[in-house]
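This report refers to the structure that appears directly beneath it.
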Amino acid sequence: MMLRRKDLKLRWPVGILFLLILVRISLVEAFPISSYAWSDQEWEQRCKGVRTSYNPDHDLSNKELTLSPEDARFEDFLFWALMNEIPEHQVEPLGGVLWKGPTHGVIFHWAPGSRWETHSVMSFGATIGHVAGEHGWTDVHFPEVFGPLGGAYGINIKDRLVEMDPTSPKPWIAALQFLGDPDGDYYRYIFHKWLGIDTQRKRVILGGGHGSGFEYSYPRALGELKEVLTDCKAYQFFKMYDSFGKGFASTAGWGGNYVAPGAAKIFTGGQPPLPAQPLPAVSPAEVQAQLARAQANPAALRGKEIYDVQCIACHGVHGDGNGLQAQAGMLNPRPRNFTTGVFKFRSTPSGALPTDEDLFRSISHGINQSVMPAWSQFLNEDQRRDLVAYVKTFSARFTEEKPGEPIKVPEPLPPTSDSIAHGKIVYQNLKCWQCHGETGQGGGPSAADLKDDTGFPIRPVDLTNKWQFKRGMTPQDIYITFMTGLDGTPMPSYADSLPDEKDRWDLVNYVLSLSPAERPQVHNPLLSAGQSSRGQNH
């Protein structure tokens, strides 16, 4: 059973759509592989006995791809994969906890119409990082999906689907079923392919079907190819490399398909990635200490099993925020580095550790304007608490210190005109305008130079759009932000500099007054002209 446009328009507004998701379709039944694809048995038969300089004394494995970016063959390998269109893929409509096939992710269809054609299941965490972060999907890109649901707000697709139902994967499953329907209008509109390779910057440039462009680091590109290829399935590359030599693909033959330095902005819509600034490496001693802390806690070990499937693509194996999807700088803001024990969103004073409930809230609700999912959509409460236990093992601070005492939030003051007017004076006196601007839109004189504690650029929040405040938009949420600050960022705590409760609540009321009463709709005029760019209205 597939969701058609008429189903979407008639049924989503009245809440019946999600009932359509209860059908059961197996992976094989839903997505047959074309006759062009070679089976595993055929691949193994063809590469049996093949000997190259890569495997001089053994058969090539059909279990995994072992070629590394440090190998002299690697750049030729990338060009070979590019020109054979092996990395081309798109999201398919099925996948999720309600389906018989995958129970932990989303189906991706790779290399259609080729001998390498296949499907893989990408975890929900990696999928959200990919489509919301790397591709830059927003609700504006899909007017037929979100128009009947109140319109488009110019926010990333993850935030929008969380708003629809933060407790269930059904919004994701329904949206992907509609967008990836092979008989639907969006099929082949949400595909993705490699466009070229910047050999000087060691970046692969990619394009998405709705006009987005983005970059991969070489390790990230390799991670994608591992979804499709094994050493055996690349046997023709190894033979060609031995026949023609180094550079046969990267400087000769297909070598014209490179991207000159600076030309990447043509594909990325002028939206540069974050600087490729290396993060401090996690030492072997720290890795061993973290593993010991996890092994001492059964809840943390259970959490590790979830983390390794759902969180590792962004936060990395060692919890340092340097997962494969983060390395090219396309995730903005970057994923949290858990090893420092420094967290933005806490109920505790500045500099203090968060409580378990603080971490549980962030994991459950996600973070607006980022790719951090609301895991309450995919994981039950026990699983989320196990994740809290595992995240805490990445920093020794949690064994050496106790969390701070949560800040008590008094009863809010009503947002009277006098309170708002006085709050504006407080805003001026505290120099909030230097970052957030006179109008609160985030364009203050210091905004362009702001960096977080790791040296990466960071943008002040737009105070005129309360619906996208990262912690939340209630008066209590804003009060806690003022009192705790956002550790690891230039946003300080005002607990000491703003001791008077009336001043605090007047500032809260002024900030909330900067947003309009009704949430504004956003329209992308470029889409109607058949154009789009990554980051439009984003």
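Per-structure values
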| quantity | calculated |
| --- | --- |
| Criterion violated by Gln377 - all others in (1) crowded, with 17+ Cβ neighbours inside 10 Å; (2) under 25 Å from Gly351 (Cα atoms) satisfied | (2) |
| Every residue from the range 34-63 that is over 36 Å from the mean Cα position of the chain (by Cα), in a loop (DSSP other than H, G, I, E, B) and among the polar types (S, T, N, Q) | Thr52, Ser53, Asn55 |
| Filter pass, Ser493 being of a type in the set (Gly, Ala, Ser) and under 20 Å from Leu353 (Cβ atoms) | yes |
| Sole exception among (1) exposed (fewer than 15 other Cβ atoms within 10 Å of the Cβ); (2) assigned by TED's automatic domain parsing to the domain that holds Asp308 for Ala421, by number | (2) |
| Test: Tyr153 is under 22 Å from the mean Cα position of the chain (by Cα), over 30 Å from Asn380 (Cα atoms) and of a type in the set (Ser, Thr, Tyr) | no |
| Count of residues meeting criterion [surrounded by fewer than 22 Cβ atoms within 10 Å (Cβ to Cβ) and among the basic types (Lys, Arg)] in the range 197-213 | 2 |
| Sole residue being polar (S, T, N, Q), more than 29 Å from the chain's Cα centre (by Cα) and within 29 Å of Gln521 (Cα to Cα), chosen from Thr416, Thr481, Thr474 | Thr416 |
| Failed item, numbered, when Trp194 is tested on (1) surrounded by fewer than 20 Cβ atoms within 10 Å (Cβ to Cβ); (2) at pLDDT below 95 | (1) |
| Enumeration of residues in the range 178-191 that are crowded, with 21+ Cβ neighbours inside 10 Å and at pLDDT 80 or above | Phe178, Leu179 |
| From the options Ser212, Ser250, residue that is in contact with an Asp or Glu (Cβ under 7 Å, 6 or more places away or on another chain) and of a type in the set (Gly, Ala, Ser) | Ser250 |
| Some residue of the range 509-530 being at pLDDT 95 or above, over 28 Å from the mean Cα position of the chain (by Cα) and surrounded by fewer than 18 Cβ atoms within 10 Å (Cβ to Cβ) | yes |
| Flag if Ile128 is modelled with pLDDT of 90 or more, farther than 14 Å from Glu224 by Cβ and in the same structural domain as Glu224 (by TED's automatic domain parsing) | yes |
| Verdict on Asp165 being modelled with pLDDT of 80 or more and over 20 Å from the mean Cα position of the chain (by Cα) | no |
| Matching residues, the range 399-440, being touching a residue at least 24 places away in the same chain (Cβ under 8 Å) and on the phi > 0 side of the Ramachandran plot | Gly440 |
| Residue match in the range 327-340 (condition: in contact with a strand residue (DSSP E or B) (Cβ under 9 Å, 6 or more places away or on another chain), more than 19 Å from Val461 (Cβ to Cβ) and either crowded, with 23+ Cβ neighbours inside 10 Å or hydroxyl-bearing (Ser, Thr, Tyr) (or both)) | yes |
| Residue within the range 463-475 that is under 23 Å from Ala352 (Cβ atoms) and in a helix (DSSP H, G or I) present | yes |
| Matching helices (runs of 4 or more DSSP H) fully within the range 336-451 where at least 2 residues are more than 30 Å from Pro280 (Cα to Cα) and acidic (Asp, Glu) | 381-392 |
| Filter result (touching a helix residue (DSSP H, G or I) at 6+ places or on another chain (Cβ under 7 Å) and either buried (at least 22 other Cβ atoms within 10 Å of the Cβ) or of a type in the set (Ser, Thr, Tyr) (or both)) within the range 235-251 | Tyr235, Phe237, Tyr241, Ala249, Ser250 |
| Residue check for Ser395: farther than 25 Å from Asn156 by Cα, surrounded by fewer than 21 Cβ atoms within 10 Å (Cβ to Cβ) and either hydroxyl-bearing (Ser, Thr, Tyr) or modelled with pLDDT of 95 or more (or both) | no |
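The values are calculated or read from the model by the stated rules, or taken from the named source; none is laboratory data. Keep in mind that what you see is a predicted model, and the values were worked out from it rather than measured. Note: ideal-geometry Cβ built from the backbone for every residue, glycine included; neighbour counts use all protein chains shown.
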